[in-house]
1. Can you tell me which residue is modelled with the highest pLDDT among those in segment 176-200 that are over 20 Å from the mean Cα position of the chain (by Cα) and in a loop (DSSP other than H, G, I, E, B)?
2. Note down all Cβ pairs under 6 Å where the first residue falls in segment 44-67 and is touching a residue at least 60 places away in the same chain (Cβ under 8 Å) and among the hydrophobic types (A, V, I, L, M, F, W, C), the second is surrounded by fewer than 19 Cβ atoms within 10 Å (Cβ to Cβ) and in a strand (DSSP E or B), and they're at least six residues apart or on different chains.
3. Which of the residues belonging to segment 149-172 are in contact with a helix residue (DSSP H, G or I) (Cβ under 7 Å, 6 or more places away or on another chain) and not aliphatic (A, V, I, L, M)?
4. So which of Glu102, Glu126, Glu81 ends up being open to solvent by 50 Å² or more (accessible area, probe 1.4 Å), part of a helix (DSSP H, G or I) and not small (Gly, Ala, Ser)?
5. Mind checking which residues of segment 203-232 are more than 18 Å from Phe256 (Cα to Cα), in contact with a Gly (Cβ under 8 Å, 6 or more places away or on another chain) and not basic (Lys, Arg)?
6. Condition first: assigned to a loop (DSSP other than H, G, I, E, B), open to solvent by less than 70 Å² (accessible area, probe 1.4 Å) and within 19 Å of Arg228 (Cβ to Cβ). Now tell me which residues in segment 43-71 satisfy that.
7. So how many residues does segment 82-92 have that are in contact with a strand residue (DSSP E or B) (Cβ under 6 Å, 6 or more places away or on another chain) and at pLDDT 95 or above?
8. Restricting attention to segment 238-271, which residues are over 19 Å from the mean Cα position of the chain (by Cα) and open to solvent by 70 Å² or more (accessible area, probe 1.4 Å)?
Amino acid sequence: MLLAWIAFSSAGLAFASVPDTHSAASLHAKYASLDERLRNNPFRRALALDSAESSNELKGDIYALVDYPFSTVSAALNSPEQWCDVLILHINTKYCRATTDEARSALTIYIGKKTPQPIKDAFPIEFTYRVAAATANYLVIQLNAQEGPLSTRNYLILLQAVPVGNGQTFLHLTYSYDYGLAGRLAMKTYLATIGSGKVGFTRTGKQSSGQPEYIRGMRGVAERNTMRYYLAIDAYLGALAKPPSMQIQKRLHSWFTATEQYPRQLREVSQSVYMNMKRSEYLRQQTSQ
């Protein structure tokens, strides 16, 4: 459904200032408080996921411990061009172009279907890219767009990172956006039709068979996309050890394999469809810049 993929499968990036509470010290404190959830969870990785919904805002948060040194993470994620290579892994990202001038850095991202699609049929959104903090012990990256389609606005991806020892880094990824009446109506239509069977990751109970019940509705949408963006970051970092010519293949394979760990939430197409589509989109992205 066109309204669904334009308004709700799109990259969630937004304009917002980093709150004062978002500091290296508070992120270390959050890491300590999440120790049990990072060690014991259903994700088969050191990860915790939260989501929230208000009358006009949808938000997802992922906290994760990754086996990459902070210096590697910081160097790999501190330029808009690198973020284009991250975001193209998301199944709905059709194209990403980074531009930088004296005033600002920006990403133009085209969002579309989960199948091959010409750029002219995808929806372009321009996001501002900002390094809010970059020290030897703290990294904060913001990607933001004040307005989106169908009365959506204030799209945000905020990435924070701190070193935690043993060559590991603790990441916090926030994905959120606000929506108005048109966006709410589009989402209700989507959730009542082709999105009716979609679920998120938060467990809400058990079925009579003993299988878990998962969150649905708008929080489910936020959780699925937050996870897709996190897995894109993780796949990008995991490919850095490969020679440059082999990195894109590694990223694509890693992203798809990771999503297949959660088929109930994230399975959309076969591996061959995803790989072929993304190879073509990546080549299009590289040759047109």
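1. Looking at the filtered set, the residue picked out is Gly197.
2. Leu65/Gln168
3. Pro149, Ser151, Thr152, Gln160, Pro163, Thr169, Phe170, His172
4. On the way: Glu102 fails: part of a helix (DSSP H, G or I); Glu126 fails: part of a helix (DSSP H, G or I).
Just one listed residue meets the conditions, Glu81.
5. Residues satisfying the conditions are Pro212, Glu213, Tyr214, Ile215, Gly220, Val221, Ala222.
6. Of all residues in segment 43-71, those assigned to a loop (DSSP other than H, G, I, E, B) come to 43-46, 54-56, 67-69.
If we keep only those that are open to solvent by less than 70 Å² (accessible area, probe 1.4 Å) too, we end up with 43, 45-46, 54, 56, 68-69.
Matches in segment 43-71: Phe43, Arg45, Ala46.
7. Quick first cut of segment 82-92, residues in contact with a strand residue (DSSP E or B) (Cβ under 6 Å, 6 or more places away or on another chain) only: 84, 87-88, 92.
This time we only want the ones that are at pLDDT 95 or above, so: 84, 87-88.
Selection size over segment 82-92: 3.
8. Hits for segment 238-271 are Ala241, Lys242, Pro244, Ser245, Met246, Gln249, Gln271.
The values are calculated or read from the model by the stated rules, or taken from the named source; none is laboratory data. Since the model is a prediction, treat every value here as computed from it, not as a measurement. Using ideal geometry, Cβ is built from the backbone for each residue, glycine included, and neighbour counts are taken over all protein chains shown. All accessible areas refer to the heavy atoms of the entire protein, side chains included, with ligands and DNA or RNA removed. Shrake-Rupley method; radii C 1.70, N 1.55, O 1.52, S 1.80 Å.
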